[in-house]
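Below: the structure, in structure tokens.
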Amino acid sequence: MARRIHDLTIDSGRDAGKTFRITEKSPWDAEWWAVRALLAMGEAGVEVPENYQEAPLATFAQSGLKALMKVSPDRLKPLFDEMFECVQWVGPDRKVVRPLLESDIEDVKTLVQLREAVFKLHIGFFSDAEAPTSA
């Protein structure tokens, strides 16, 4: 089965009209990201269930993205940077899809929207929230 893909078109701000493609990470990479995020949250005093090793992505889905805000910036930055490894820029004609460049994003709000979309694509199926569908 192919990895899930979600195209997000920004509807407001300086990046209005730009489209970004989010491709689901491999299960191995997604799980390792979740384990590191949970360990960082535990170090920051966020209550993490003891059995998080059994299903780290499910545990992270319960903890939520907001729990990461309690993590120190030096532990958070690599996790946040890694979220964008699965994001690509999509050209206006949708024929060109290339790796994301820092200059592709002009609005902080876009960063937040992309992080939320990456998060939902990877763990949305663990919650009642509707997960993005394939593009």
Pair list, Cβ under 6 Å, 6 or more apart: region 1-17 residue more than 15 Å from residue 122 (Cα to Cα), other residue part of a strand (DSSP E or B)
9/19
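Would you be able to tell me the number of residues in region 68-92 that are acidic (Asp, Glu) and open to solvent by 90 Å² or more (accessible area, probe 1.4 Å)?
Start the filter on region 68-92 by keeping residues that are acidic (Asp, Glu), which leaves 74, 81-82, 85.
So of that shortlist, the ones also open to solvent by 90 Å² or more (accessible area, probe 1.4 Å) come out as 74, 85.
So the count comes out to 2.
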How about region 1-41: which of its residues are among the small types (Gly, Ala, Ser) and either closer than 26 Å to residue 70 by Cβ or part of a strand (DSSP E or B) (or both)?
30, 34, 37, 40
Near pairs, Cβ below 6 angstrom, 6+ apart or cross-chain, from region 65-79 (of a type outside the set (Phe, Trp, Tyr)) to any residue that is assigned to a helix (DSSP H, G or I) and open to solvent by 20 Å² or more (accessible area, probe 1.4 Å):
65/119
Could you grab the pairs with beta carbons closer than 9 Å, sequence gap of 6+ or different chains, first residue in region 20-44 and at pLDDT 90 or above, second one among the hydroxyl-bearing types (Ser, Thr, Tyr) and open to solvent by 40 Å² or more (accessible area, probe 1.4 Å)?
20/9
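The values are calculated or read from the model by the stated rules, or taken from the named source; none is laboratory data. Every value quoted in this text rests on a predicted model; they were computed, and no experiment measured them. Heads up, the Cβs are rebuilt from the backbone with ideal geometry, glycines too, and the neighbour counts pull from every protein chain shown. Protein only, heavy atoms only, side chains kept; ligands, DNA and RNA dropped before computing areas. Shrake-Rupley method; radii C 1.70, N 1.55, O 1.52, S 1.80 Å.
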